[in-house]
Amino acid sequence: MYKIIDFSKFSSIKIGPKTKVKIIDEFNYTDEFLIGNATNTLISPNAKNLGILSDRYDFIEYKNGLLKVGGKTKNRKLYRFCKENNIGGFEFLAHLPGTIGGSIKMNAGVKEEEISNNLVSLNNKDKNNFEFSYRYSNINEPIFEAVFEIKRNYNPKLDQYLKNLRKNQPNLPSLGSVFKNPKGDFAGRVIEAIGMKGMIKGGIKVSEIHANFFVNIGGGKFEDMIYLIALAKSKVYEEFGIILQEEIKII
């Protein structure tokens with residue numbers, strides 16, 4: 001089964017074609033690229049072999065101190081559930097767009113809060129079968145469901161602290177942080193240092209609020225993003241000898 005998705009409306013940066021996407025379940029996956037909510041994925045005009053999880057994987061179950069969560073469940077939906085049920089360890093999800101499956105694949109987080117911290121298993125496989133590090137995992141399969149352990153109660157002070165961090169991020173359409181932070185430094189700092197903060201290419205702008213966010217100011221195209229990404233990598237390497245690595249996915 002397939003559905004047509006217009007990525008210029010669906011994607012969080014409002015870039016991409018209108019194209020056919022396969023609805024994926026545990027029985028029909030054949031190596032499609034799963035798009036999740038397209039919150040950290042830049043979709044090219046010629047992107048093919050795309051998939052999206054079936055709605056059957058949008059669920060939350062809480063029993064015996066464990067949370068079982070479907071891979072299509074939105075991060076903010078799980079955040080609200082945990083807040084309402086006094087469950088801690090998921091406060092940072094309020095500030096992350098996207099789905100649980102996508103967040104686990106990139107080990108998403110804010111500061112030291114990472115989604116792998118509470119993870120027990122995924123797709124009925126123990127967490128220790130996989131590798132996790134800063135904004136990285138070696139998972140190469142769809143995440144249909146994940147199980148998390150509950151270690152503490154909801155922390156309103158931590159929630160507010162994380163909300164305050166969000167204030168220095170732009171509200172215009174974006175894919176979040178374009179690059180991972182280099183070891184011991186910040187991608188936003190080095191991009192600002194090379195003079196790219198506020199730079200515009202077509203309909204894409206390097207945000208003046210946070211230089212590691214490239215925002216769509218209207219009519220932004222795939223090619224505009226690629227140009228600014230390549231320029232930032234080239235100039236940062238030339239100036240600092242730092243090789244910036246994309247946090248976003250490009251297909």
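Derived scalar couplings between HN and Hα for the range 175-180 equal 10, x, 5, 6, 10, 5 Hz in order, rounded to whole Hz, by the Karplus curve 6.51 cos²θ - 1.76 cosθ + 1.60 (θ = phi - 60°), x for Gly and Pro. Scanning the chain for trypsin sites (Lys or Arg not before Pro) that sit in a DSSP loop and have at most 13 other Cβ atoms within 10 Å, the longest stretch containing none of them is 184-251. Near Gly98, the amide H atoms lying under 5 Å from its own belong to Asn75; only residues 5 or more places off or on other chains count, and H is placed 1.01 Å from N.
Near the amide H of Ile23, within less than 5 Å, lie the amide hydrogens of Tyr2, Lys3, Ile52, all on another chain or at least 5 residues away, with H placed in the peptide plane. Close amide H contacts of Ile250 (hydrogens built in the peptide plane, cut-off under 5 Å, sequence separation of 5 or more or a different chain): Leu42. Residue by residue, the range 5-12 carries 3J(HN,Hα) couplings of 10, 9, 6, 5, 10, 6, 5, 5 Hz when phi is fed to the Karplus relation 6.51 cos²θ - 1.76 cosθ + 1.60 (θ = phi - 60°); x denotes Gly or Pro.
Roughly how compact is the range 142-251, stated as its Cα Rg over 2.2 N^0.38 Å to two decimals?
Values: Rg = 16.5 Å, N = 110, 2.2 N^0.38 = 13.1 Å.
Dividing the Cα Rg of the range 142-251 by 2.2 N^0.38 Å gives 1.26.
Let me test this: with uniform point scatterers at the alpha carbons of the range 57-166, what is the Debye-based log₁₀ I(q)/I(0) at q = 0.17, 0.23 1/Å? Each listed q corresponds, in turn, to -0.73, -1.39.
What does the net charge come to around Tyr227 if you take all other residues with beta carbon closer than 13 Å to its beta carbon, with K and R at +1 and D and E at -1? Once all neighbours under 13 Å are counted, the net charge is +3.
Against the longest alpha carbon principal axis of the chain, how many degrees, from 0 to 90 and to the nearest 10, is the axis of helix 156-165 turned? Taking the Cα atoms of the chain, the angle to 156-165 is about 20 degrees. Here the relative contact order of the range 2-55, from alpha carbon pairs under 8 Å that lie six or more residues apart, stands at 38 percent. The string of couplings for the range 65-82 from the Karplus curve (6.51, -1.76, 1.60, θ = phi - 60°) is x, 10, 10, 9, 10, x, x, 8, 5, 6, 3, 6, 5, 5, 4, 4, 4, 5 Hz, one whole number per residue in order, with x for Gly and Pro. In a reduced charge model with +1 at each Lys and Arg Cβ and -1 at each Asp and Glu Cβ, the chain shows a dipole moment near 600 debye about its Cα centre. Separation of the range 92-163 from the range 180-216 is 26 Å, based on Cα centroids.
Send over the per residue convex hull volume for the chain, Cα only, as a whole number of Å³. Please list the in-between numbers first.
Details: hull volume 32.1 nm³, N = 251.
Convex hull volume per residue, Cα atoms: 128 Å³.
For the listed residue pairs Lys197/Lys221; Lys167/Lys197; Lys63/Lys125; Lys3/Lys105; Lys77/Lys125; Lys14/Lys74, the alpha carbons are over 21 angstrom apart in Lys3/Lys105; Lys77/Lys125. Sparse packing (at most 16 other Cβ atoms within 10 Å of the Cβ) combined with a DSSP loop state is found for the following chymotrypsin sites (Phe, Trp or Tyr not before Pro) in the range 111-212: Tyr134, Phe186.
Note the angle between two axes, namely the Cα long axis of helix 222-240 and the longest principal axis of the Cα atoms of the chain, as a number of degrees from 0 to 90, rounded to the nearest 10. It works out to around 80 degrees. Contact order, relative form, for the range 57-166: 32 percent (alpha carbon pairs under 8 Å, 6 or more residues apart, mean separation divided by residue count).
If you take all other residues with their beta carbon under 15 Å from the beta carbon of Leu66, and give Lys and Arg +1 and Asp and Glu -1, the sum is +1.
Qualifying chymotrypsin sites (Phe, Trp or Tyr not before Pro) in the range 19-83, where qualification requires a DSSP coil assignment and no more than 12 other C-beta atoms within 10 Å, comprise Phe27.
Rounded, prolate or oblate, given the Cα gyration tensor of the range 52-91, with a/c below 1.5 counting as rounded? Oblate. Rounded, prolate or oblate, given the Cα gyration tensor of the range 12-93, with a/c below 1.5 counting as rounded? Oblate, because a/c is 1.5 or more while a/b does not exceed b/c.
Readers should treat all values here as calculations from the given coordinates under stated rules, not as data from a laboratory. Keep in mind that this is a model prediction, so the values were computed, not measured. Note that we place each Cβ from the backbone using ideal geometry, even for glycine, and neighbour counts take in every protein chain shown.
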